[in-house]
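Bear in mind these aren't lab numbers, they're just calculated from the coordinates by the rules spelled out. A quick note: this is a predicted structure, and the numbers were derived from the prediction, not measured. Don't worry about glycine lacking a Cβ; one is built from the backbone with ideal geometry, like all the others, and counts go over all protein chains shown.
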Amino acid sequence: TDTGYLVAGLILEAASGGAYYAEARRRVLDRHDLPRTVEQIGRTFPDLAPGHVGEDNPFSLPARTAEGDVMAFSPQTEWTGGGYVSNSRDLARWAKILYEERAIDGPYLEEMLNSGYRGDDAGATYGLGVYRADSPHGELIGHGGWFPGWRSTMYYHRDSGIAVAVQFNQNELDFRNEVRDALLALLLEQH
């Protein structure tokens, strides 16, 4: 849960002696060349595509969640539960790095995949921050995101080594998986 990730953030700060965002930037973002991924601090984010909230608006937010680079509200509640703004290039790059076990030293992927929730819902299981999902192209591993006005998803196809990421600046309709699968089909044809 997001609450679990917030608790993990507190543990990371206590163990490292540093602020979470500073440690993540030093250990992950800068190390792996993810220049378009920035911490959700403040309300201004360069090149932000304004998000659009649909009729299902449980937080009573403005229908358009940003004007230019400035969000209509503070996104800082996410913190270690997802507190970054990114683009599809960085997300796809991060998926490839993470799921090829190049994010940190030592093996970790099997632990990520084999821990966590094991429900019988829709052919997906959830490990430590990663879903296993069935697709027309075989098993994918990755994660999706939702924030008022935006949706995103990043997945990795282990059989081919292809990572895909898609983002949408609306959250009324959710067709992330359909677009992900179509994009992956195109990339597999060229592979």
What is the set of long-range amide H partners of residue 162 at a cut-off below 5 Å, with H atoms built 1.01 Å from backbone N?
-> 157
Selected from 114, 29, 98, residue furthest toward positive end of dipole (the chain; charges at beta carbon) | 29
Backbone HN-Hα couplings from phi across region 57-66 [Karplus 6.51/-1.76/1.60, Hz, Gly and Pro as x] = 10, x, 9, 6, 7, x, 4, 10, 8, 7
May I ask for the longest run of the chain untouched by trypsin sites (Lys or Arg not before Pro) that are loop-located per DSSP and have at most 11 neighbouring C-beta atoms (other than their own) within 10 Å?
-> 1-101
If you compute percent of Cα pairs over 32 Å apart for the structure shown, which of [x] 48; [y] 15; [z] 9 do you land on?
-> [y]
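Let me have the 222 nm mean residue ellipticity of the chain computed from DSSP H runs of 4+ only, each contributing -39500 (n - 2.57), with the sum over all residues rounded to the nearest 500.
Roughly -8500 deg cm²/dmol at 222 nm, from the helical runs in the chain.
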